[in-house]
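Student: Would you mind keeping the following structure in view while I ask a few things?
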Amino acid sequence: MVSQAEKLLIDVGSTYFKVCTPTSIEQHFRDFNQDILDDLMSKCGDTISRFDKQDVHICSSANGGLSTLIIGITNSFSLKYATNIAFNSGINIIDTILFQNIEDYSVPSDLIDVVIVVGGVDSHSNLYSEKIFSYLDQLNYSNAVFVGSTQDSQSMRDNIENLVVLPNIIDDKLHIVEEHLKDYLTNLYQQDIEGKEEIKHLYEITSNQILSTPYVVNRALPHIETRVSVANPFILLDIGGATTDIHYSKDLVDENIVTENEYDRLVFKRLGVYKSRQSLILAAQSNEFVYELLLHLGVTENIYNEQTDKATKILMQLAIFLVLCKMSHYRQSYVNLRLLQINSIVLTGGITKVLSQDEVETIIAFFYRKILSSGHNPVAVMDSNYDIWTLGTKV
Amino acid sequence: MKVVTGVVGNDIHVVANRLIDLSLKARGYEVYNLGVNTHLEEFFDAVVETGAEVLMISSLNGEAEGWGREVKLLKSKYKNLDDVIMMIGGNLVVGSGNTEDIVARYRKYGFDLVCHQIDLNTGLDMLQSTIEERFPS
Ligand code: B12
């Protein structure tokens, strides 16, 4: 058995898992015909058995986390605040609905893990009508939470079954109040991870709580400088197999959300290089600059049909470009990052094992030149030893 | 009575905004102050979230005209703002201009009360009378 202070860190993603000891790091593609634990043991059993249960720390983003649908009454306050809290709790947003136009929205057919209803300061009331109840009647969801005006909570409770009511996320200065909804969502996510049969089995090798990966990464960011040399302000891109996560420092947004968090998180679903490969390709095909980017990289669109290492590389490069594009156009996503002020772009996740620093920087330079018409050139920082994740697990 | 106020656009002149906040409170209004650098959509959204009866926009640096032209279109996208008292004040044009023309123009943009370079207290008295007309007690 190794000495007490040494820890084994395991991250289970939707596509691959990584196992990190104080001296080594291993990464393996998951075998979906096997249970996670069996898969882990067959690939890294020797390493794992060297550690005591209490020294093993596991986090997971398998399944891409929980999904939410948010119903609010304005874009600038209720929907924006709830979106911010959901992202920071590691939740993926399926859609946001502006209540006044609720009849124009289609009802998603997928099961929604949690519906969030929000709107109004506590001194305002009657913000919703029966329309919301008939919408919810058609929706397939597991949990519902109300975080709007206290005056409306009774009528909401009377009309929505098993509704959880929490304090308003909008205070009487129209500022955001995060903690209650954030705790609720984080716990829900946690329960979801722990409730999955496959994850339960992992408790055979750890006696610590299994945490969600985005939570771990977000927790590491305030301490990032102790492990990686980055120049503030920075953004962190975690391009995974199924989704892409962006963590950014608050100085980069110019807006009305005033919180104590230093870092926020944003997720682009279906932008990944394995599970979401097809939707990544679709996004690339509808981006007018990608043709030129492919030329710049010396390939043609035929690359989409190849299953080679080269094709994987190109897709990862496209993913970086598409994420930057998505963040650059005003109001296309719910925040607009001041990309010209960024000094570092940190990349973490599997991508750092596949792309070289040069291959990343050429994309960043292309993006700034073509999309922002600027010679600005932030440094790419490759977190290839998973320092950030290691840090987050240890904090 | 609830009032949403703030300075529109990329305007950072904050002094009048502080005074407006204080004066409104002194007159008994419930104030939601969005501060400087506020976009039009945020003003309307704040009215929806708070149920304010009055929207009081300030503009000092000369941007007002551009925003004024956007008001009608943006407001038409909302389904419940028709009864809000819309007020604007400060320096409503670049340089100087004929007050009568300015008032007429901003009324067309959809403002009920237009206070071009009018002292704050006079403006608040005008608001008071409008409220008394709209909501006779
Ligand atoms: C101080 C000041 C600045 C400071 C602001 C500091 C700060 N954070 O507040 C600084 C140096 C940063 C600044 C910058 C600029 N400024 Co300046 N600034 C002034 C100055 C000298 C005083 C403003 C002030 O605080 N007055 C005191 C307050 C209490 O008075 P007030 O703002 O006029 O408001 C009163 C009334 O207008 C009224 N009121 C205001 N809003 C409302 C709303 C309602 C509903 C009602 C009823 C009444 C009302 O109530 C107040 C009390 O009576 C004025 C000139 C002047 N003497 O007014 C120029 C002035 C406002 N600035 C001007 C300009 C052009 C600029 C700049 C564009 C300059 C530049 N080229 O960079 C920048 C713009 C920056 C930006 N993004 O907004 C112009 C605007 C011209 C125009 N509209 O045609 C002015 C008028 C100077 C001028 N004569 O050219 N400025």
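Student: Once you put a point 7 Å from the Cα of A:Asp31 and another 7 Å from the Cα of A:Asp358, both along the Cβ direction, what distance in nm separates them?
Tutor: 3.7
Student: Separate question: Other chains near B:42-48: what is the mean number of their Cβ atoms within 10 Å of each residue's Cβ? Kindly include the intermediate steps, with their values, before the conclusion.
Tutor: Values: counts 8, 1, 3, 11, 6, 1, 12.
So the per-residue partner count for this stretch is 6.
Student: Another question about this same structure. Would you be so kind as to identify which of A:Asn84, A:Tyr184, A:Leu111 lies farthest towards the positive end of the dipole of segment A:67-188, taking Lys and Arg as +1 and Asp and Glu as -1 on Cβ and the Cα centre as origin?
Tutor: Comparing the listed Cα positions along the dipole, A:Asn84 ranks first.
Student: Peptide A:126-133: average number of partner chain Cβ atoms within 10 Å per residue?
Tutor: Other-chain Cβ atoms within 10 Å of each residue's Cβ, averaged: 1.
Student: For segment A:296-385, what is Rg from Cα atoms divided by 2.2 N^0.38 Å, rounded to two decimals?
Tutor: Its radius of gyration relative to the 2.2 N^0.38 Å reference: 1.11.
Student: Oh, and also: Could you please report the charge total around A:Tyr184, scoring K, R as +1 and D, E as -1 over all other residues with beta-carbon less than 15 angstrom from its beta-carbon?
Tutor: -4
Student: Moving on. Have a look at A:Tyr386, A:Tyr215, A:Asn162 and report the one farthest towards the positive end of the charge dipole of chain A, computed about the Cα centre with Cβ charges (Lys/Arg +1, Asp/Glu -1).
Tutor: A:Tyr386
Student: With n ≥ 4 as the cut-off for DSSP H runs, can you work out [θ] at 222 nm for chain A, using -39500 (n - 2.57) per run divided by the number of residues, rounded to the nearest 500?
Tutor: On the way: 13 runs with 132 residues, N = 395.
Value at 222 nm, helices only: -10000 deg cm²/dmol.
Student: Now for a separate question. Give, rounded to the nearest 20 debye, the magnitude of the charge dipole that chain A has about its Cα centre when Lys and Arg contribute +1 at Cβ and Asp and Glu contribute -1 at Cβ. Spell out each step's value before the answer.
Tutor: On the way: 30 positive and 50 negative charges, 169 e Å.
Approximately 820 debye in magnitude.
Student: Send over the per residue convex hull volume for segment A:67-188, Cα only, as a whole number of Å³.
Tutor: Details: hull volume 10.7 nm³, N = 122.
Per residue, the Cα convex hull of segment A:67-188 comes to 88 Å³.
Student: For segment B:2-134, what is the relative contact order in percent, using Cα pairs closer than 8 Å and at least 6 residues apart in sequence? Display every interim value, and only then the final one.
Tutor: Details: 220 pairs, mean separation 31.6, N = 133.
Once normalised by length, the contact order is 24 percent.
Student: Determine, from the Cβ-Cβ distance of A:Asn385 and B:Asp82 and an R0 of 60 Å, the FRET efficiency 1/(1 + (r/R0)^6), rounded to the nearest 0.05.
Tutor: Once rounded, the FRET efficiency stands at 0.50.
Student: Another question, if that's okay. Please list, short to long, the whole-number percent of alpha-carbon pairs of segment A:93-161 in consecutive 10 angstrom bins beginning at zero.
Tutor: 19, 57, 23, 1
Student: Mind checking the dipole of segment B:1-42: about its Cα centre, +1 per Lys or Arg Cβ, -1 per Asp or Glu Cβ, Debye to the nearest 20?
Tutor: Rounded to the nearest 20 debye, it is 260 debye.
Student: R0 = 41 Å: FRET efficiency of B:Lys25 with A:His376, Cβ-based, nearest 0.05?
Tutor: Taking R0 as 41 Å, the efficiency between B:Lys25 and A:His376 is 0.40.
Student: I've got another one for you. Please give the charge dipole size of segment B:2-134, origin at the Cα centre, charges +1 on K and R Cβ atoms and -1 on D and E Cβ atoms. Round to the nearest 20 debye.
Tutor: Roughly 140 debye for segment B:2-134.
Student: Let me know the whole percent of all Cα-Cα pairs from chain B that are separated by more than 19 Å.
Tutor: Every Cα pair in chain B considered, those over 19 Å come to 45 percent.
Student: Residues of segment A:227-253 with backbone nitrogen within less than 18 Å of a virtual label 7 Å along the Cα-to-Cβ line of A:Leu282, please, listed as ranges.
Tutor: A:241-244
Student: Further, regarding this structure: With label points built 7 Å along Cα→Cβ from the Cα atoms of B:Asn10 and A:Asn208, find their separation and express it in nm.
Tutor: 4.7
Student: Sticking with this structure for a sec: Give me a single rounded figure for B:49-57: the average over its residues of other chain Cβ atoms within 10 Å of their Cβ.
Tutor: Counting Cβ atoms of other protein chains within 10 Å of each residue's Cβ and averaging gives 4.
Student: Counting residues in segment A:1-159 as N, plug N into 2.2 N^0.38 Å and put the Cα Rg over that result.
Tutor: On the way: Rg = 22.0 Å, N = 159, 2.2 N^0.38 = 15.1 Å.
Dividing the Cα Rg of segment A:1-159 by 2.2 N^0.38 Å gives 1.45.
Student: Within straight cross-link reach of B:Lys75, meaning Cα distance under 30 Å, which lysines are found once same-chain residues fewer than 8 apart are removed?
Tutor: The reachable lysines, counting only those whose Cα sits under 30 Å from B:Lys75, are A:Lys80, A:Lys131, A:Lys173, A:Lys326, B:Lys2, B:Lys25, B:Lys108.
Student: Mind checking the alpha-carbon convex hull of the protein assembly as shown and giving the volume per residue in Å³?
Tutor: Enclosed volume per residue, from the Cα hull, is 172 Å³.
Student: At q = 0.18, 0.25 Å⁻¹, what base-10 log of I(q)/I(0) does the Debye formula yield for segment A:167-209 when every alpha carbon is treated as an equal point scatterer in vacuo?
Tutor: Listed by q, the Debye log ratios stand at -0.61, -0.83.
Student: So which DSSP H runs in chain A come out at 24 Å plus along the axis (Cα) with average Kyte-Doolittle of at least -0.5?
Tutor: A:309-328
Student: Pick out, from A:Leu337, B:Gly6, A:Gly298, the residue whose Cα sits farthest towards the positive end of the charge dipole of the protein assembly as shown, with +1 on the Cβ of Lys and Arg and -1 on the Cβ of Asp and Glu.
Tutor: Value: A:Gly298.
Student: Next question, about the same structure. At a threshold of 8 angstrom on Cα-Cα distance, excluding pairs fewer than six apart, so keeping six or more, what relative contact order does chain A reach in percent?
Tutor: Reported relative contact order: 15 percent.
Values quoted throughout were computed directly from the atomic coordinates according to the rules given, and no laboratory measurement underlies them. As the structure is a prediction and not an experimental result, all values here were calculated from the model. Glycine gets a Cβ as well: all are built from the backbone with ideal geometry, and neighbour counts include every protein chain shown.
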